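*Asks:* Handing you this structure, nothing more for now.
The values are calculated or read from the model by the stated rules, or taken from the named source; none is laboratory data. Computed from a prediction, not measured in an experiment: that's the story for all the values here. Reconstructed Cβ throughout: ideal geometry from the backbone, glycine too, with neighbour counts over all protein chains shown.
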Amino acid sequence: MAEAVSLAHALRLDVVHSAVVPLKKRQAGLLFGKGKLEELAVIFEVNEIEVVIIDGPVSPIQQRNLEKKWGVKILDRTGLILEIFGDRAATREGVLQVDLAHLSYQKTRLVRSWTHLERQRGGLGFIGGSGETQIESDRRAIDDAIVRLKRQLAKVVKTRSLHREARKKIPYPIVALVGYTNTGKSTIFNRITGASVMAKDMLFATLDPTMRAVKLESGREIILSDTVGFISDLPTELVAAFRATLEEVLDADLILHVRDISHPESDEQLKDVMDILTKLGIKEDAQQSIVEVWNKIDMLDPVQKQQLDIATERNNNIVMTSALTGMGLEGLLEAIEQNLLEPTVTEIVKLSFSEGKRRAWLFNQNVVDKEDQIDIGFDVTVTWTAKQAAQFQKI
């Protein structure tokens, strides 16, 4: 219930009433029984309610019937999350992804019985109107719009994959922040990178992925990526539409799973995140190497914190932090460093004077231990990884 209310606040709605309604069984046409329908109708009328959110699935028929009976706009969980994403999308890709997800969802909900609210989504003004012919033409219009959006998104996906290929040529490992929405990912991102990504105590404050270069204490550079937060029962339309964005996580060299360890349902949130990562195609062995960041330890009492200290002291893949105070962030950077370490070997590379490009590459990689000039060129002593050695051979 608290999460449902937070979702409503994320859409800047003024919540005047919330309640858990027990259901013996879902009524096919109106979801609720007759008595409950009348009881809720009185509450809505007294409080002059315009929007009712039902935190669960509502069929198109149920939505239409309830809107007609109560004279309000109904949003189910999927519709509400889609509205939030539509409100937050800032980049062209984000807008395209949200519109595609919204159209896929809207396709089954064409008959609009809430015209008195005169509420239309931008770009979707063709939806609505009663009558079979109108619905058929609306459906065709939606199908055409979906095809057009998929074509535009395909171009974006291609551009994104080209960017990924370009990044692979630069040997900076990618570290991705993932986690349930509102666990503090963006605050950690801002603390580490000095960026100013929107970070609020609000569900889905971050929608568009952001990347920044970070120099670790050893001098090694990484790319830190902040991603959209996950949530239980994330609409399938959104998972499909945001796949291109979320696939950035698939390419990450290291995944940091940020958890709000003070949340009473932190374990349930963990399961939801791991389920979504599995759907995205993160293999089980990769999931084993995920570093868990137990954030918001400033919200714990001393006894709770001591219990967590004992639980984590022997686990190198768990770091406790408070993004708000900065506590534990040095330990997090050390954990990133340790998890990205690759085996290295030291060897001598012989270069002729004409191989200036290859010599410059070695120095740019910071792998040179020493260099001796000889008659025909240079003997360069390097300490590098197998990956760097392979890259060098291609130059």
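Every residue, every condition in (1) at pLDDT below 85; (2) within 30 Å of GLN304 (Cα to Cα); (3) part of a loop (DSSP other than H, G, I, E, B); (4) not aliphatic (A, V, I, L, M), yes or no:
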{"position": "LEU256", "(1), (2), (3), (4)": "no, yes, no, no"}
{"position": "ARG259", "(1), (2), (3), (4)": "no, yes, no, yes"}
{"position": "PRO264", "(1), (2), (3), (4)": "no, yes, yes, yes"}
{"position": "GLN269", "(1), (2), (3), (4)": "no, yes, no, yes"}
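*Asks:* Output the residue which, of all residues in the stretch 17-61 that are of a type in the set (S, T, N, Q) and under 24 Å from SER6 (Cα atoms), is surrounded by the most Cβ atoms within 10 Å (Cβ to Cβ).
*Replies:* Looking at the filtered set, the residue picked out is SER59.
*Asks:* Evaluate the following for ARG64: is it outside the structural domain of THR181 (by TED's automatic domain parsing), surrounded by 19 or more Cβ atoms within 10 Å (Cβ to Cβ) and basic (Lys, Arg)?
*Replies:* So ARG64 fits the description; yes.
*Asks:* Another question, then. For the stretch 307-325, check the following and say yes or no: at least one residue is closer than 17 Å to LEU256 by Cα, within 23 Å of the chain's Cα centre (by Cα) and part of a helix (DSSP H, G or I).
*Replies:* No, every residue in the stretch 307-325 fails to be closer than 17 Å to LEU256 by Cα, within 23 Å of the chain's Cα centre (by Cα) and part of a helix (DSSP H, G or I).
*Asks:* For the stretch 347-380, which residues satisfy the criterion of being charged (D, E, K, R), within 20 Å of LYS394 (Cβ to Cβ) and out of contact with any Ser or Thr (no Cβ under 8 Å at 6 or more places or on another chain)?
*Replies:* LYS350, GLU355, LYS357, ARG358, ARG359
*Asks:* Any residue that is at negative phi, in contact with a strand residue (DSSP E or B) (Cβ under 7 Å, 6 or more places away or on another chain), in a strand (DSSP E or B) and surrounded by 13 or more Cβ atoms within 10 Å (Cβ to Cβ) - is there at least one of those in the stretch 282-292?
*Replies:* yes
*Asks:* A further question follows. Identify all residues within the stretch 162-189 that are within 18 Å of the chain's Cα centre (by Cα) and modelled with pLDDT under 90; write none if there are none.
*Replies:* The answer is ARG164, ILE174, THR181, ASN182, SER186.
*Asks:* Would you pick out the residues in the stretch 348-376 that are among the charged types (D, E, K, R) and either free of Cβ contacts under 8 Å to residues at least 12 places away in the same chain or closer than 15 Å to GLN388 by Cβ (or both)?
*Replies:* Within the stretch 348-376, ARG358, ARG359, ASP369, LYS370, GLU371, ASP372, ASP375 meet the criteria.
*Asks:* Within the stretch 276-313, take every residue that is closer than 14 Å to GLY331 by Cβ and of a type in the set (S, T, N, Q) and give me the one that is modelled with the lowest pLDDT.
*Replies:* Step by step, filter the stretch 276-313, then rank; the result is THR312.
*Asks:* Of everything in the stretch 1-16, what is surrounded by 16 or more Cβ atoms within 10 Å (Cβ to Cβ) and of a type in the set (Gly, Ala, Ser)? Give them in sequence order.
*Replies:* ALA4, SER6, ALA8, ALA10
*Asks:* So which of LEU250, LEU329, LEU341, LEU254 ends up being buried (at least 16 other Cβ atoms within 10 Å of the Cβ), farther than 17 Å from ILE188 by Cα and of a type in the set (A, V, I, L, M, F, W, C)?
*Replies:* Answer to the check: LEU250.
*Asks:* Quick one: in the stretch 311-326, of everything that is without any contact (Cβ under 8 Å) to a residue 40 or more places away in the chain and in contact with a strand residue (DSSP E or B) (Cβ under 9 Å, 6 or more places away or on another chain), which residue is surrounded by the most Cβ atoms within 10 Å (Cβ to Cβ)?
*Replies:* It comes out as VAL319.
*Asks:* Here are the criteria: (1) without any contact (Cβ under 8 Å) to a residue 40 or more places away in the chain; (2) in contact with a Pro (Cβ under 8 Å, 6 or more places away or on another chain). Tell me which single one LEU340 does not satisfy.
*Replies:* Every listed condition holds for LEU340 apart from (1).
*Asks:* Could you check the stretch 87-102 and list, in sequence order, the residues that are in contact with a helix residue (DSSP H, G or I) (Cβ under 7 Å, 6 or more places away or on another chain) and over 20 Å from ASP143 (Cβ atoms)?
*Replies:* Result: ALA89, GLU93.
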